[in-house]
Amino acid sequence: MDKVMSNRLVAALYVLPALLLLLVLVYIPIVLTGYYGLMQWDGIGAMTFIGLDNYTRLLQDSTFWQSANHTFLLALFSALSLIGYLMIALVLSGKIKGANLFRKIYLIPMLLSSVAIAQLWLKIYHPSNGVLNSFLEAIGFSNPPAWLAEPSLVLYALFVPILWQYAGFYILIYYAALKNIPESLIEAARIDGANPWQIAFRIKLPLITEVIKVTVVLAVVGSLKYFDLIYVMTDGGPNGSSEVMASYMYRQAFRSFDFGYGSAVGFFLLLICLVVTWLLRKATASKDTIQYS
C-alpha cells in the first residue's frame, strides 16, 4: 500500500507543474473573461456591474453577426480543404518519384510565422506590382482587381494564404497515418486484384477514419478563433468585409477600449467553440461495430 501511495505521489508531482500552467494560462483567464463580460470597463478606471447587458448588446450587434458569418465561412472552407490535403497525402504516400521533395515543399509554410506569411501574400496581392496581378496582365487581363480592397473578394483572397499556411500540417498528419498502415494489407489487396482507387478508398481511408475525425475538429475549431494573419493583412477591412469574431473582439477591447464588451465577445466565442466541438464529436462518434463492404 505504501508503495502504491508513493507511486501516486511521484506521478502527482510530475503532473503538478503542467496543471499549474494550465490553471494560470487557461482556466483563470477564462473565468476572468466571463467575469469582465458582466462589467462595463474601459480597462483603466473602475468597473461597473451591468449583468448580461453586454451579451444582450452582442445578440443585437449586426457587425458581430457579420464577423461570425465570415468566421463560419472560413471554418467551412477549412473543413473542405481537408479533402485536398488528404488527396495529396494519398499521392505522396505512394511510390512516386520526388515524393520526399514534395513533402519538404508542403512543409515550408509551417516554418514561417504568420506575420511573414502575411507580408509575403501582401506582396503577391499588391494591386499594381504584385505577382498575381502582373501574371494576370501578362495573360491578357487588362484590369485585374485589387484583391484586398474589394469587399466582395477580400475574404476569399484571405482564405488562400490561410489554407496554404496549414496545408503542410494536415498533409503531414495524413501522410504519417497512411504510412502507419501495414504494408501486408496493401499487398494482399493487390494480390486480390484491387486497383489503386479501391486500395485508397476501401482500405486506406477506412483505416485512418479516426485521424480524419480529429483533423476535422482541429480545422473547424482552429478556424473559429483565427486572428493573426487577417489582422496583419487587412485588419478586418475594408469596412468590416474581412472581420472575424477574434478580430472583432480585439477591436472592441483594445481599439475602442470597451473591455467589458470585448470580454463578452471572447467568452461567447469560447462557448461557440465548445458547442461546435461537442457537435462534431457527436457527429463523428465511432460506433461499437463497424462493417466495411
Taking segment 238-251 and keeping only residues that are under 24 Å from Thr48 (Cα atoms) and open to solvent by 20 Å² or more (accessible area, probe 1.4 Å), one is left with Met249, Tyr250, Arg251
Restricting to segment 175-194, name every residue that is under 28 Å from the mean Cα position of the chain (by Cα), in a helix (DSSP H, G or I) and of a type outside the set (Gly, Ala, Ser).
Tyr175, Leu178, Lys179
If you check Trp197, Trp147, Trp121, Trp164, which single one turns out to be of a type in the set (A, V, I, L, M, F, W, C) and part of a loop (DSSP other than H, G, I, E, B)?
Trp147
Failed condition for Asp235, given (1) surrounded by fewer than 16 Cβ atoms within 10 Å (Cβ to Cβ); (2) closer than 23 Å to Ile83 by Cβ:
(2)
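Given Leu172, Leu153, Leu101, Leu111, which one is more than 24 Å from Val232 (Cβ to Cβ), surrounded by fewer than 20 Cβ atoms within 10 Å (Cβ to Cβ) and more than 16 Å from the chain's Cα centre (by Cα)?
Leu101
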Of all residues in segment 70-106, which are assigned to a helix (DSSP H, G or I) and of a type in the set (Lys, Arg)?
Arg103, Lys104
Got at least one residue in segment 277-284 being surrounded by fewer than 14 Cβ atoms within 10 Å (Cβ to Cβ), among the aromatic types (Phe, Trp, Tyr) and assigned to a loop (DSSP other than H, G, I, E, B)?
no
Pick from segment 114-141 the residues that are among the hydroxyl-bearing types (Ser, Thr, Tyr) and modelled with pLDDT of 90 or more: which of them is most open to solvent (accessible area, probe 1.4 Å)?
Ser134
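The values are calculated or read from the model by the stated rules, or taken from the named source; none is laboratory data. Owing to the predicted nature of the structure, the values given are computational and were not obtained by experimental measurement. Counting neighbours? That spans all protein chains shown, and the Cβs are built from the backbone with ideal geometry, glycine included. Quick note on the areas: whole protein, heavy atoms, side chains included, nothing else; ligands and nucleic acids left out. Shrake-Rupley method; radii C 1.70, N 1.55, O 1.52, S 1.80 Å.
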